[in-house]
Amino acid sequence: MIGLAMPDVDVWSERVAVALGQNPGLFTGPGTNTYLVGTGRRRILLDTGQGVPGYLAVLEQAMARAGCDGLQEIVLTHGHVDHLGGVAQVLDRFGPLRVSKLPWPAFDAACPVAPVALGDGDAVHTEGATLRAVHTPGHAPDHLCFVLEEEAAIFSGDNVLGVGTTVIPAESGDLLDYLRSLERLLEEAPGRIYPAHGPLIADGPGRLRAYLAHRHDRERQILAALDRGPAPIAEVVKQVYTDVPEVLHRAAAQSVAAHLCKLEREGRVRRLDERPPLEATWSPR
Ligand SMILES: [Zn+2]
């Protein structure tokens, strides 16, 4: 994900402008995409970045480019810090605004105001745009994607990225849920996808199918590695992620753990001891 340059401000459709969160990194790529949605004087801000100094200037630049002079409200895809972390500074600058997300107390504690609850099927309206929430757990339990009804496009949050693949965190992620969420998005038959990191995805269904194929390939590789003999995850990572630099092996281990927990739930692998997933020795069923 490193090294991919994106402009700080861009306009991706008549109702979608992007302001880059100014938080580039190993897991955020060029940084978090925060979106101004709508066509009116006051727009929805979808995600807020991480709270990095310098973001507000970029947001104001994006507002000028998009032709608006205020914010209607803030909507969040999920409670990870690179999406929710900028709420405080946006409220400081623009005054009190409604903040909505799917409630998840463990994440919401970091939000400076109590978020208004949004759930599957709920809609948020603004001039020129309607966002319909789709509950898509897997990367995070509180994750919402949003269908932009006027374009049949999807704001995919961290479920589908413009570059790289989604991390399924060992503690709060769930790969089985995640794959179901990808299928659910595919059923929406989206056109383009507006991701939370990286560039616009023109062929939404194509990218969703590629993501599903990638996970199925990984699963086959992990099962093949275990067929050579029971092994801990670190050993599986070395065998499967031969093309990935060592600095990313910890993230890869999380991904393998997510796969093995899914396969365990499906009765296809088992642990040879009682240790947690990342430390256990795994064996085929
Ligand atoms: Zn996230």
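Bear in mind that the values in this text are calculations on the coordinates, not laboratory data. Note that the structure is a prediction, hence the values are computed from the model and not measured. Cβ sites come from the backbone with ideal geometry, for glycine too, and all protein chains shown count toward neighbours.
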Length gained when the stretch GLU14-GLU246 is fully extended (0.36 nm per residue, less Cα-Cα span): 79.3 nm
In whole Hz, what ³J(HN,Hα) sequence does region 63-77 give by Karplus (6.51, -1.76, 1.60; θ = phi - 60°), x for Gly and Pro? 4, 5, 4, 7, x, 10, 10, x, 10, 7, 5, 10, 10, 10, 6
Quick one: what are the phi-derived ³J(HN,Hα) couplings along region 239-247, Karplus 6.51/-1.76/1.60 with θ = phi - 60°, whole Hz, x for glycine and proline? 7, 8, 9, 5, 9, 10, x, 4, 4
Specify the inter-centroid distance of region 197-213 and region 106-179, based on alpha-carbon positions, in whole Å. 16 Å
Evaluate the relative contact order of the chain (contact order divided by residue number), counting alpha-carbon pairs under 8 angstrom at least 6 apart; express in whole percent. 12 percent
Name the residues whose placed amide hydrogens come within less than 5 Å of the amide hydrogen of GLY29, ignoring near sequence neighbours (fewer than 5 apart) on the same chain. none
Estimated inter-spin distance, ARG41 and GLU127, nm [label 7 Å along Cα→Cβ]: 0.7 nm
In order over region 25-35: 3J(HN,Hα) from phi, Karplus 6.51/-1.76/1.60, θ = phi - 60°, whole Hz, x for each Gly or Pro, gives x, 4, 9, 9, x, x, x, 7, 7, 10, 10
Residues whose built amide H sits under 5 Å from the amide H of HIS143, excluding neighbours closer than 5 in sequence, are THR136, GLY138
